[in-house]
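Here's the structure we're looking at; comments come further down.
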Amino acid sequence: MQLTLTRHENPLLKRTHIEATVQYEGATPSNNDLRKALAEQLKSDEQLLVVRHVYPFYGSTSARVLAFAYHDAAAFQDAEVIRKKKKKEEKPAEAKPEAKK
């Protein structure tokens, strides 16, 4: 996987906007694979990188990637919303009164 990067600093949000072009073999790489590759190339912490979008080009083995690299954990927590799916609580089965005939 080959990455070509362009960076734009955003001092207000304490992050770097990264726009990359990725050349890959086979299927489009997952967000986690892209995050690891970006962290390796940028020499930054993988936990502070967020891959926003992956736009594959139709009919070719390349894609455009938009990502954010935060300067510190505090900036990451301030700007990113981590959504977790809440498990539905199962209500105990209540005894239904038998229907009168």
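A short reminder: the numbers here are calculations on the coordinates, not readings from a lab. Quick caveat: nothing in here was measured; it's all calculated off a predicted structure. Ideal geometry is used to build each Cβ from the backbone, glycine not excepted, and the neighbour counts take in all protein chains shown.
A few notes on this one:
- The residues of region 61-77 that are surrounded by 11 or more Cβ atoms within 10 Å (Cβ to Cβ), of a type outside the set (Lys, Arg) and either touching a Ser or Thr at 6+ places or on another chain (Cβ under 7 Å) or over 18 Å from Thr28 (Cβ atoms) (or both), listed by number, are Ser62, Ala63, Phe68, Ala69, Tyr70, His71, Asp72, Ala73, Ala75, Phe76, Gln77.
- Qualifying residue in region 8-31 (condition: in a helix (DSSP H, G or I) and under 24 Å from Ile82 (Cα atoms)): yes
- Given (1) surrounded by fewer than 18 Cβ atoms within 10 Å (Cβ to Cβ); (2) farther than 18 Å from Ala79 by Cβ, index of the condition Asn31 fails: (2)
- One residue stands out among those in region 13-28 that are more than 17 Å from Pro56 (Cα to Cα) and not β-branched (Val, Ile, Thr): the one that is surrounded by the most Cβ atoms within 10 Å (Cβ to Cβ), which is Arg15.
- Per-region count, region 37-60, residues in a helix (DSSP H, G or I) and surrounded by 15 or more Cβ atoms within 10 Å (Cβ to Cβ): 5
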